[in-house]
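A quick write-up on the structure given underneath.
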Amino acid sequence: MRSVRVPADRVGTLIGKNGETKKMLQSISGVKLDIDTEEGEVIIHDDVELEDPVMALKIIDVVKAVGRGFNPQKAMRLFEDDEYLELVDLKEFVGDRSGQVTRVRGRLIGKDGKTRRIIEDLTGCDMVIYGNTVGLIGNSISLPVAKHAVELILNGSEHATVYHYLESQRPRLRIAEMGFDI
């Protein structure tokens, strides 16, 4: 049995309308979830015999992803093989100054969401900026590329530099999409 904390404003999303999201997650994973709506604590009963033992770990990542701002449909990518969740703490880059956190969040999102959209489109990763974290979901090839692009922006690189980096990685990502190992 394990537990994961989910922010109070994300509990409803995890449960879903009439409990549908919770039921779907339980049926896909074979793992029972108990969600404390007051505390935001999710207890994962992973002590059952599962067809796929890795599913117990995958459901933890799915719950974390929803808690960090992903919509449940996107978070369910994590049930697939070779799909991973990466969380980047903005405070590691800018410290506790809330004005700086707001500034780098704005840089990551870009004007009308342009920067976030470019990172998602060129890497095939899903990206969410929630609170003080950036969440990324992607495969073992695209996720490091997307994470590096995020870190470049957080370290103050110009957007054009980041876009050039992403463009330079496109051939590698395309080869990976075709199923060839790089």
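Readers should treat all values here as calculations from the given coordinates under stated rules, not as data from a laboratory. A quick note: this is a predicted structure, and the numbers were derived from the prediction, not measured. When we count neighbours, we look across all protein chains shown, and the Cβ atoms used for this are built from the backbone with ideal geometry, even at glycine.
General remarks:
- Restricting the range 140-182 to chymotrypsin sites (Phe, Trp or Tyr not before Pro) that sit in a DSSP loop and have at most 13 other Cβ atoms within 10 Å of their own Cβ leaves PHE180.
- Look at the alpha carbon pairs under 8 Å that are at least 6 residues apart: their mean separation over the length of the chain gives a relative contact order of 17 percent.
- Hits among lysines - C-alpha to C-alpha of LYS64 under 22 Å, sequence gap 8 or more where chains match: LYS17, LYS22, LYS23, LYS32, LYS74, LYS91, LYS147
- Cα gyration tensor, the chain - rounded (a/c under 1.5), prolate or oblate: oblate
- FRET E, pair ASP121, SER27, Förster distance 30 Å, beta-carbon r, rounded to 0.05: 0.40
- Selection from GLY113, ILE15, LEU85 lying farthest towards where the dipole of the range 1-113 points positive, charges on Cβ: GLY113
- Summary of the geometry: the range 5-56 and the range 90-111, compared by the centres of their Cα atoms, lie 31 Å apart.
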